[in-house]
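Have a look at the structure below before the remarks.
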Amino acid sequence: MPIRFTPFSCPLVAGHGVAAQRIRQACIERGMTPVAAFGGEATLIDEARAAGCDALHPGERDAVMQVSIAERCRHLGLRFLGSEPALLETMADPRLMRQRMREAGLPLATLGQGGEIIAMSLLADRFGRVLYLSPRQRRGAGAMAPLGWLTMERYRYLGELAARGVASLGVVGLVEVRFQVAGNRLGFVDMKPGPTGDEGLDEALLGLDPLVEQLRVLAGERLRMRQSRMSLDGQARLWRFELPSSAVFSGGPGIRLDQCGQTGEARLLAWGRHSGELEARARRVLAEWWGEEQASHWLVTL
């Protein structure tokens with residue numbers, strides 16, 4: 001069933017911590033009045049109805065968890081701010097998703113073969129425009145973008161492949177596509193619903209907030225940016241951790257901290273025009289919290 005582009009202004013945002021906080025901030029930027037969820041999965045719909053919400057955002061939940069939420073929202077007339085249930089079911093079934101991407105003409109990764117995994121978020125509107133964002137890799141609790149070993153030509157090729165796959169599915173909103181690169185071979189691995197928590201990298205490198213843009217396209221609006229006018233600026237890294245209780249954020253250029261006081265969870269984003277500048281900025285902040293030795297550990301993990 002295609003997405004119904006009914007208006008919404010008061011969404012319940014599922015989840016807790018920095019993830020839900022960032023989505024609520026995006027809602028506020030769009031002039032909405034978001035409501036925080038307090039319970040777990042089983043009480044989301046009841047909380048939304050009790051609060052008078054007209055929509056529900058699933059947060060950073062995976063496709064399997066989002067399917068049931070989306071179906072319940074549809075039956076109760078509550079707008080679901082994510083992919084439609086049929087697409088979520090396809091994302092939740094790796095074999096079916098690979099089949100759909102093969103039909104769209106994408107090469108598939110060889111299962112069990114080693115190689116590097118590249119993730120890339122994409123935005124799509126209901127008018128057929130698709131944008132691919134910055135290529136990234138995850139290492140433990142962190143992520144980095146762009147990738148020094150990935151040429152611009154190959155990045156664009158992967159982005160165009162991902163956009164073709166997303167367009168073939170009729171996606172509206174935000175998703176993540178992952179590829180495996182092994183030597184000269186590359187192939188599609190899987191697709192996941194967005195957001196994923198790595199959106200800060202795209203903000204820093206492209207000057208675009210995927211969370212705000214997701215809300216815009218789900219409201220039926222067009223994507224304003226064109227792929228031809230988007231370029232990666234500098235380098236960025238993102239870490240997820242819990243801050244020491246005594247930590248004080250001193251700020252500084254190229255440094256951003258998203259922190260949730262209720263859970264202690266934090267996400268640190270460092271940006272630089274080149275790798276040396278990025279590392280110097282990140283090391284300074286990390287050393288203020290944990291000392292030089294631990295700061296080196298955090299930097300080595302990426």
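Things worth noting here:
- Residue check for Thr6: out of contact with any helix residue (DSSP H, G or I) (no Cβ under 7 Å at 6 or more places or on another chain), open to solvent by 10 Å² or more (accessible area, probe 1.4 Å) and modelled with pLDDT under 95: yes
- Pairs, first at pLDDT 95 or above in the stretch 108-131, second among the basic types (Lys, Arg) and open to solvent by less than 10 Å² (accessible area, probe 1.4 Å), C-beta under 9 Å, six or more apart: Ile118/Arg136; Ala119/Arg136; Met120/Arg136; Ser121/Arg136
- Among the residues of the stretch 94-118, the ones that are polar (S, T, N, Q), within 20 Å of Pro193 (Cβ to Cβ) and surrounded by fewer than 12 Cβ atoms within 10 Å (Cβ to Cβ) come to 0 in all.
- Scope the stretch 110-136; condition aliphatic (A, V, I, L, M) and within 22 Å of the chain's Cα centre (by Cα); matching residues: Ile117, Ile118, Ala119, Met120, Leu122, Leu123, Ala124, Val130, Leu131, Leu133
- Summed over the stretch 255-276, residues that are without any contact (Cβ under 8 Å) to a residue 40 or more places away in the chain and either closer than 22 Å to Gly17 by Cα or open to solvent by less than 40 Å² (accessible area, probe 1.4 Å) (or both) total 7.
- Flag for Thr43 being among the hydroxyl-bearing types (Ser, Thr, Tyr) and surrounded by fewer than 17 Cβ atoms within 10 Å (Cβ to Cβ): yes
- Test: residue in the stretch 156-167 that is of a type in the set (Asp, Glu), in a helix (DSSP H, G or I) and surrounded by fewer than 20 Cβ atoms within 10 Å (Cβ to Cβ): yes
- Hits in the stretch 19-33 (condition: open to solvent by less than 30 Å² (accessible area, probe 1.4 Å) and of a type outside the set (A, V, I, L, M, F, W, C)): Arg22
The values are calculated or read from the model by the stated rules, or taken from the named source; none is laboratory data. Here the structure is a predicted model, which means the values were calculated and not measured. We place every Cβ from the backbone using ideal geometry, glycine too, and count neighbours over all the protein chains shown. Surface areas here come from the heavy atoms of the whole protein model, side chains and all, with no ligands, DNA or RNA. Shrake-Rupley method; radii C 1.70, N 1.55, O 1.52, S 1.80 Å.
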